[in-house]
1. Please grab the % of Cα pairs in the chain that end up more than 26 Å from each other.
2. Pairs of alpha-carbon atoms within less than 8 angstrom and 6+ residues apart define the contacts here; what relative contact order does the chain have, in percent?
3. Tell me, which longest segment in the chain has none of the trypsin sites (Lys or Arg not before Pro) that fall in DSSP loops with at most 13 further Cβ atoms within 10 Å?
4. Which residue, ALA19, LEU73, THR60, has the largest displacement toward the positive end of the dipole of the chain when charges sit on each Cβ (Lys, Arg +1; Asp, Glu -1)?
5. What's the magnitude of the charge dipole for the chain around its Cα centre, counting Lys and Arg as +1 and Asp and Glu as -1 at the beta-carbon? Answer in Debye, nearest 20.
6. Can you give the alpha-carbon Rg of the range 89-148 over 2.2 N^0.38 Å, where N counts its residues?
7. Using all alpha carbons of the range 37-112, what is the percent of pairwise distances in each 10 Å bin, ordered from the shortest bin to the longest?
8. Just the number: Rg to Rh for the range 1-55, Cα atoms, Kirkwood Rh, two decimals.
Amino acid sequence: MKSDGNTLLLAAALSCSLAALAHLGCIVFGGDCYRFLGAGEQMAQMADQGLWYPTMVTSTIVAVLLIWTLYALSGAGVIRRLPLTRYILIAIAAVFLARGAAFVSLMPLFPENSLTFWIVSSGICLFIGGLFSVGTFQQWSSLGSRVA
């Protein structure tokens with residue numbers, strides 16, 4: 001499919017794929033990578049012990065980020081139109097923006113995550129959410145209201 005040249009959605013796709021790669025690094029490199037990325041000592045220790053929980057949680061995040069990468073590429077016109085592209089791009093933007101804005105409320109739920117983790121990851125989420133938001137707005141008319 002011919003690209004519509006939406007650089008913001010392309011940047012959103014690149015950002016999601018890099019985030020997926022960083023999370024994949026945690027699975028591959030284990031506890032030290034979880035520690036480096038600020039995920040908390042409990043997750044790092046579980047990974048070091050070979051427990052399934054960190055791998056499953058992180059694998060789920062990787063899968064979601066890769067699906068979101070595909071939707072950004074679809075919205076940018078790089079790949080074929082995926083089902084509900086317009087609406088899913090809105091939802092993705094909302095999730096990133098909500099995650100970025102709500103970090104103060106989320107911090108007590110994950111007390112082992114460092115303040116640096118919360119500030120950096122929330123800033124990244126706000127940035128990616130902005131890319132999805134503005135990129136989707138720019139593509140709105142070309143995305144159409146059709147389902148596929």
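Read-outs throughout are calculated quantities, based only on the coordinates presented, and are distinct from any laboratory measurement. A quick note: this is a predicted structure, and the numbers were derived from the prediction, not measured. Every residue, glycine as well, gets a Cβ built from its backbone with ideal geometry; the counts of neighbours run over all protein chains shown.
1. Of all Cα-Cα pairs in the chain, 30 percent lie more than 26 Å apart.
2. Relative CO of the chain lands at 33 percent.
3. The longest uninterrupted stretch comes out as 3-79.
4. Going by the charge dipole, the pick is LEU73.
5. Its charge dipole is roughly 720 debye.
6. Compactness ratio reported: 1.39.
7. For the range 37-112, the pair-distance distribution reads 16, 34, 30, 18, 2.
8. In the range 1-55, Rg relative to Rh is 1.23.
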